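Below is one structure; the comments refer to it alone.
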Amino acid sequence: INEQVALRHAAAAENGPQVIYCSPYQGVLVTRYLEGRHWSEAEAGSELNIERLALLLKRVHALPGTGKQLIPGDVVARYLRGIKDHFVVIPERFNALQAKMEQVIYQLSHHRGERRLCHNDPVLGNIIDCGDKLLLIDWEYAAMGDPFFDLAVVVHNLKFNERQLQQLLETYLGRLDETAHRWFLYNYASYIYIDMLWYWFQSAAAPRCGYGTIAEGKLDTLVAILHELGL
């Protein structure tokens, strides 16, 4: 139901596809097919498309809200329980990061900023370029949250460098200051942490898919973000 509500808001503002049919009890959601294409990584990192994407996210974050909320601490706790219950073996160096990540999650949970409707999964495969406009598909994870979380998903999954990150933030915010950049880093750390835990959690059900290796590969990124935060 939450995805349907978010999609209807998005479609009304031409930020997502129109809902054709939805039956939550049957687990069925059908949306109108979009005439468009996915970007390559190179296209995603162009100055023009970074600007278009930043403006798309601003429009998404201005949409009416839904009842569901993304609370990073709750997501982390759920994945950690699953990892423990399934006896997933994780690297020793991960344990040293947990105390620092608890500080990050604490800061996020006590932030009094306004919560907005966020897509929470604006990865390359969910961005559709229809020529005259950009749209987002797959609103499964849509929820009320911190807009900087969406920006963090974009930066990591579209593999933006520092220059591209600066352009994204400056276009989205209108101006960039140290406080905004630091708050982005808190959300970036949160996203990498959640993403990493998700892969370890999934590795219990599919041990041969390499999820554990993918998760471990994110450790260096998380360490770098924490170092930049001075943690």
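The values are calculated or read from the model by the stated rules, or taken from the named source; none is laboratory data. All of these numbers come straight from a predicted model, not from anything done at the bench. Because the Cβ atoms are built from the backbone with ideal geometry, glycine has one as well, and the counts that use them run over all protein chains shown. We work out accessible area using only protein heavy atoms, side chains counted, and drop any ligands, DNA or RNA first. Shrake-Rupley method; radii C 1.70, N 1.55, O 1.52, S 1.80 Å.
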(request) Check H227 against each of (1) buried (at least 17 other Cβ atoms within 10 Å of the Cβ); (2) without any contact (Cβ under 8 Å) to a residue 12 or more places away in the chain and name the one condition it does not meet. (result) (1)
(message) Just the residues that are open to solvent by less than 60 Å² (accessible area, probe 1.4 Å) and in contact (Cβ under 8 Å) with a residue 24 or more places away in the chain, please, taken from the range 1-20.
(response) N2, E3, Q4, V5, A6, L7, H9, A10, A13, N15, G16, P17
(request) List every residue pair whose Cβ atoms sit under 9 Å apart, with the two residues 6 or more apart in sequence or on different chains, where the first one lies in the range 190-215 and is modelled with pLDDT of 95 or more and the second, anywhere, is outside any helix (DSSP H, G or I) and surrounded by 23 or more Cβ atoms within 10 Å (Cβ to Cβ). (result) S190/D146
(request) Scan the range 203-223 for residues that are surrounded by 12 or more Cβ atoms within 10 Å (Cβ to Cβ) and either within 18 Å of the chain's Cα centre (by Cα) or part of a helix (DSSP H, G or I) (or both) and report the count. (result) 13
(message) For the range 1-49, which positions are in contact with a His (Cβ under 9 Å, 6 or more places away or on another chain) and in a loop (DSSP other than H, G, I, E, B)?
(response) N15, G16
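Restricting attention to the range 173-201, report how many residues are small (G, A, S) and open to solvent by 10 Å² or more (accessible area, probe 1.4 Å).
Initial filter on the range 173-201 (small (G, A, S)): 174, 180, 189-190.
With open to solvent by 10 Å² or more (accessible area, probe 1.4 Å) added as a condition, the list becomes 174, 180.
Adding up the residues that qualify gives 2.
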(request) Go through the range 21-40 and give me each residue that's modelled with pLDDT under 85 and exposed (fewer than 10 other Cβ atoms within 10 Å of the Cβ). (result) Y25, Q26, G27
(message) Please list, ordered by residue number, the strands (runs of 3 or more DSSP E) wholly in the range 57-172 having 2 or more residues that are in contact with a Gly (Cβ under 8 Å, 6 or more places away or on another chain) and surrounded by 14 or more Cβ atoms within 10 Å (Cβ to Cβ).
(response) 116-118, 127-129, 134-136
(request) Would you confirm whether any residue within the range 63-86 is of a type in the set (A, V, I, L, M, F, W, C) and over 30 Å from E216 (Cα atoms)? (result) yes
(request) Determine the pairs where a residue that is within 19 Å of N120 (Cα to Cα), located within the range 169-188, has a partner that is among the aromatic types (F, W, Y) and open to solvent by less than 60 Å² (accessible area, probe 1.4 Å) with Cβ atoms under 7 Å apart, the partner being 6 or more residues away or on another chain. (result) L169/F184; W183/F148; F184/F148; N187/F148; N187/F149
(message) Please pick out the residue among G45, G36 that is in contact with a helix residue (DSSP H, G or I) (Cβ under 8 Å, 6 or more places away or on another chain) and either under 19 Å from L134 (Cβ atoms) or touching a residue at least 12 places away in the same chain (Cβ under 8 Å) (or both).
(response) G45
